[in-house]
Amino acid sequence: MLPMATDGHQGKMVDRIVAGRPIVVLCAPPGFGKSQLARAAARRISAASGLAVAEFGQIEHHADPRAAADALLAEPERVTILEDVHLTDRSFLGLALERINFDRSGARVIMTISQPGDFPLARLATRCPIDILDASALRQRPQETAQLLKSIPRAKIRARIRALVGDWPIAMELLCAWAARSPDGCSSWSDLDIVRESRLGEFIDQEVLPLLSAEERSALVHASLLDLPDIDFLASISGHRSDGRILADLAFRLKGLVDRRENSIILQNALRIWLRDAVEAFDEDKRVALLVSMADQCSARGRLAEAAGLARMAGDTRRIRDYAHAHGALRIWIVHGFSVLRELLENSSPQDIASSIVLRMIECIVHMKAGRINAAQDLFESLAREVGPGHPLTKDLEIVRVTLLVYGCSLERTGDLELIRNLITEQADDPAMRTFLATLSAILNCQRARFDAAVANLIDARALAKRVSSQYNLMFLLMHEASINLAQGKLKHARTCLSEARTRWQRDFPSDVGVETVLAALSASIEFEAGRLTSARNSLKKSAHRMPEAEAWFDIYFAAYETMIRINIVDHGIGTMSEAVEDEARKLRAQGLPRVADLLMAIRLCVCGEACLQGQQVIMSEMSWDIPSVGPTSSWQEQEVFTIARAYRDYFDGQFEKAWALLEESIEVAADHGLERSRLRYLLVASVMATVAGEEHRARAMLRSAVAIGAATGMRQIFREMGGQKLTPALQALREGEELTALEQGFVDRLLNRLRDRQSVASGTLSARELEVLGLLSSGGSDKHLARHLNLSEHGVRFHLKNIFKKLGVHDRLSAVAAARQLELPH
């Protein structure tokens, strides 16, 4: 029995060779560690079987192309390593291998080749017992890459090396060695500089490119100039019809460095960067002509990001302006996505941008998507002065104005929806523009709680987006649908929409960080409503923590910020939260987002009101903010938080009946609009106010309605946030009655489990050991760290943590520490 190696993927490959058939062929391009694997396997086989090891490479083949075959025939009972077999008399070597009786001799042959054509494998496979391990088997595995990269201390360099390495072993070896000796300032180096300085470029020149003919090198250079090369497209735009055939052949011969997925060609990233630089070696006129030709044809086929990059490489950025004018700013955004707009802008010269209304409109959209609303508004106003009545871009600019409104700016008019309806009618023959307008209409209708109209807009927008293959808009429509579902309390539907949108983002637009921000904001809100605080907290890291310098519109700011404020209270207390809100509001006003800043301040007032009603100490200056009035263009979010804030203000001013009347009216309005989220909040505020005021009958009636909504929607965390322990007696009374359905009964049971008096539970049942574990949680550390300090096993630590979480009614360590602080437990 041969011993098995255990040292990672390389060890597993050695195991496969050792346990394989008498002839094993390692077939992969240079840099896949074939020689090292062959020698390691040969040593293992020799140690286990007693067979001698013989190696034949360039020196032996140059001296005598038949030396390896003669040796195999003369003394087959060996482990033979055959490298560089293209230098041998391959026919004679093949016949020699066919002659050997491997069963009788116990001989083993390990052959390494760089391309399938280096040796007649097809004939050999029909006559001899043979295993072939190609680049798919020999690739660097992601787990190995991650492990090796841990030795590189600089995160930015790690990420860049990971992208350059892909799964090419030699790239990992050379790039890690370079990173270990590289200077601190290398983070600003280009990828080409890194490939050159690591000597990976030298390896490509000496080991890979000699395998190619001049025509094959040319075809690969053409492919390297495109982000998404495909065979048919390359053949048409490069002017060389043979490129398609050549690339298809190279994808077979150099698998691992040149791969094919359906009709697309994928080049190893470091190889692509090195080849792309080779275009600089062309004759200048030929180089420019090639780049311009490829850029023009990319633009004609809608591949605008690649067109912009090629035009910049050609030194002809005026062409980018022409491409932008030909396609239009809004159409590019709708059909191709935001990242393409950004590429056009980043590749344009300042002079071209200044002289082009379309490029400046693109710049306005880029500012808006990055949360720089002041800059976007200034640029919009500058454009508005140039684009007067009758200008062909007047309607485009008006659409940008409405989009600015959606993204949180104050450029609002009561006739915006009517304007969009008219524009949709006028654009009857342009499905791309109509899908965008229908999407804007859906957002505005949603913000104003006209959900039936918003859903109708979404249906139209989705049908039109499919007609023009706008994958970008189809993805965003799912996020808008999730936002509507969230307002209506349909958490399950919202989560489904968000899941599909995330799949589309990861598949089609993974580099668009703005989309990730929107997805995370909606996810944070959904998970918070469902009481999944750990998931909500994780989502905030990629949403609210990026704001306001991130993509968001009004609905997204609200989803992220309300969740952030409530999580902040759980983690750090209400005082810290209040200071953080003031700082964030100042940033928002500086960014040109006063409506969002007002929303934030109103949420702060609401949570302070909740705390006061629950008997917590709150500095009354937190309640002194002037609450804005609501108008016909106010969003449902503003209606909700301003109404609740005003109700708290009235209550604490001694005007309970006025606050009650305001909440009753708001409950009816929310019900009429299908705003279950807002209605639930109004009901809970009213119930707690009535409880504190001694109005038990009123409190119970409101709570009964709130429980019906909570049970139907799954929104449970807000009961704990708004009511706390004040709701416990009333919930217990409801539970003992006979008026609840089975669904509602189960919901109330879960609420009572979460809302029980944590102080009495904790102080009465937390053991001394659990208090000791809780005391160490605030200093952080892993289970292993806690186990070492407490002289416990890691399993024992996890057991105590589980009990602590259950008794405190929390789900994670940070919440446990916050609960201990709130309950003044030793920690």
So E207, is it modelled with pLDDT of 90 or more, closer than 14 Å to L271 by Cβ and assigned to a helix (DSSP H, G or I) = yes
When only residues in segment 364-388 that are free of Cβ contacts under 8 Å to residues at least 40 places away in the same chain and of a type in the set (D, E, K, R) count, which is surrounded by the fewest Cβ atoms within 10 Å (Cβ to Cβ)?
-> R385
The one condition in (1) at pLDDT 80 or above; (2) farther than 19 Å from D571 by Cβ; (3) under 34 Å from the mean Cα position of the chain (by Cα) that E721 fails to fulfil = (2)
Considering only residues of segment 162-185 that are more than 21 Å from V258 (Cβ to Cβ) and in contact with a helix residue (DSSP H, G or I) (Cβ under 7 Å, 6 or more places away or on another chain), which is modelled with the lowest pLDDT?
-> A179
Residues that are under 35 Å from the mean Cα position of the chain (by Cα) and open to solvent by 100 Å² or more (accessible area, probe 1.4 Å), drawn from segment 784-805 = K784, H795, R798, F799, K802
Being modelled with pLDDT of 70 or more, more than 38 Å from the chain's Cα centre (by Cα) and over 19 Å from Q614 (Cα atoms), is that true of even one residue in segment 757-766?
-> yes
Could you say whether any residue in segment 675-690 is farther than 26 Å from S525 by Cβ and either in a helix (DSSP H, G or I) or not polar (S, T, N, Q) (or both)?
-> yes
Does A463 satisfy the condition of being within 29 Å of V630 (Cα to Cα), among the small types (G, A, S), in a helix (DSSP H, G or I) and within 29 Å of the chain's Cα centre (by Cα)?
-> no
Restricting attention to segment 338-363, the residues that are in contact (Cβ under 8 Å) with a residue 40 or more places away in the chain and either surrounded by fewer than 22 Cβ atoms within 10 Å (Cβ to Cβ) or part of a helix (DSSP H, G or I) (or both) number exactly 3
For A324, all conditions in the list (1) among the small types (G, A, S); (2) free of Cβ contacts under 8 Å to residues at least 60 places away in the same chain; (3) open to solvent by 10 Å² or more (accessible area, probe 1.4 Å); (4) over 14 Å from L226 (Cα atoms) hold save one; what is the number of the exception?
-> (3)
Out of all the residues in segment 96-110, is one or more within 44 Å of the chain's Cα centre (by Cα) and either aromatic (F, W, Y) or at pLDDT 90 or above (or both)?
-> yes
Do the conditions hold for L751, that is, is it closer than 30 Å to H697 by Cβ and either at pLDDT 80 or above or touching an Asp or Glu at 6+ places or on another chain (Cβ under 8 Å) (or both)?
-> yes
Do we have E695 as among the charged types (D, E, K, R), buried (at least 17 other Cβ atoms within 10 Å of the Cβ) and over 26 Å from T741 (Cα atoms) here?
-> no
Within segment 467-480, is there a residue that is in a helix (DSSP H, G or I) and without any contact (Cβ under 8 Å) to a residue 24 or more places away in the chain?
-> no
Some residue of segment 661-671 being open to solvent by 10 Å² or more (accessible area, probe 1.4 Å), within 37 Å of the chain's Cα centre (by Cα) and without any contact (Cβ under 8 Å) to a residue 12 or more places away in the chain = yes
Looking across segment 270-313 at residues that are part of a loop (DSSP other than H, G, I, E, B) and free of Cβ contacts under 8 Å to residues at least 40 places away in the same chain, the single one that is surrounded by the fewest Cβ atoms within 10 Å (Cβ to Cβ) is D283
Hey, does segment 618-635 have a residue that's hydrophobic (A, V, I, L, M, F, W, C), out of contact with any strand residue (DSSP E or B) (no Cβ under 8 Å at 6 or more places or on another chain), touching a residue at least 12 places away in the same chain (Cβ under 8 Å) and surrounded by 21 or more Cβ atoms within 10 Å (Cβ to Cβ)?
-> no
Taking segment 287-314 and keeping residues more than 15 Å from L341 (Cα to Cα) and among the acidic types (D, E) leaves D296
Number of the exception - D316 against (1) open to solvent by 40 Å² or more (accessible area, probe 1.4 Å); (2) in a loop (DSSP other than H, G, I, E, B) | (1)
Being without any contact (Cβ under 8 Å) to a residue 40 or more places away in the chain and not in a loop (DSSP other than H, G, I, E, B) is the filter; apply it to segment 119-142 and report the residue that is nearest to the chain's Cα centre (by Cα).
-> P142
What residue, of A501, A520, A602, A559, is open to solvent by less than 20 Å² (accessible area, probe 1.4 Å) and without any contact (Cβ under 8 Å) to a residue 40 or more places away in the chain?
-> A501
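The values are calculated or read from the model by the stated rules, or taken from the named source; none is laboratory data. Owing to the predicted nature of the structure, the values given are computational and were not obtained by experimental measurement. All Cβ positions, glycine included, derive from the backbone under ideal geometry; neighbour counts span all protein chains shown. We work out accessible area using only protein heavy atoms, side chains counted, and drop any ligands, DNA or RNA first. Shrake-Rupley method; radii C 1.70, N 1.55, O 1.52, S 1.80 Å.
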